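Some notes on the structure that comes next.
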Amino acid sequence: MTHISRFRNTKVWKDKRDEAAQRDHCLCQVCLSMGRYNGKDIQVHHIIPMSVDWEKRIDIDNLITLCPEHHEQAECGMIAADDLRALISPPGV
């Protein structure tokens, strides 16, 4: 088991994951940006992967809730990290 897999089982991650989901109202933020309310099978995505920057693993500004379809698109680079960050940043920030 890798350190990333072990981390996903920690209380720290579960609490931070829940915090991100609550912030995002348990809705896919990409769907929401298109005017759709999708709260089905919501997952929390690391905008900058833990394998790239371990220090950002619990940074709330690096987490976003996504539906499985948009999570897969984000994972394979079809949705840019900057676009995801813009969805969680308040206007004017």
Considering only residues that are touching a strand residue (DSSP E or B) at 6+ places or on another chain (Cβ under 7 Å) and on the phi < 0 side of the Ramachandran plot, look in the stretch 26-35 and name the one that is surrounded by the most Cβ atoms within 10 Å (Cβ to Cβ).
-> Cys28
Here the residues within the stretch 9-25 that are loosely packed, with under 14 Cβ neighbours inside 10 Å and outside any helix (DSSP H, G or I) are Asn9, Thr10, His25
Any chance the stretch 30-48 includes a residue that's assigned to a loop (DSSP other than H, G, I, E, B), farther than 16 Å from Glu75 by Cα, in contact (Cβ under 8 Å) with a residue 12 or more places away in the chain and of a type in the set (A, V, I, L, M)?
-> no
Of the residues in the stretch 52-93, those that are in a loop (DSSP other than H, G, I, E, B), open to solvent by 40 Å² or more (accessible area, probe 1.4 Å) and at pLDDT 95 or above number 9
What number of residues in the stretch 7-29 are touching a residue at least 60 places away in the same chain (Cβ under 8 Å) and closer than 18 Å to Pro68 by Cα?
-> 1
Can you work out which of the residues in the stretch 36-51 that are within 27 Å of His3 (Cβ to Cβ) and among the polar types (S, T, N, Q) is least open to solvent (accessible area, probe 1.4 Å)?
-> Gln43
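The values are calculated or read from the model by the stated rules, or taken from the named source; none is laboratory data. Owing to the predicted nature of the structure, the values given are computational and were not obtained by experimental measurement. Quick reminder, even Gly has a Cβ in these numbers, built from the backbone with ideal geometry, and neighbours come from all protein chains shown. Side chains are part of the model used for accessible areas, which takes the heavy atoms of the whole protein and leaves out ligands, DNA and RNA. Shrake-Rupley method; radii C 1.70, N 1.55, O 1.52, S 1.80 Å.
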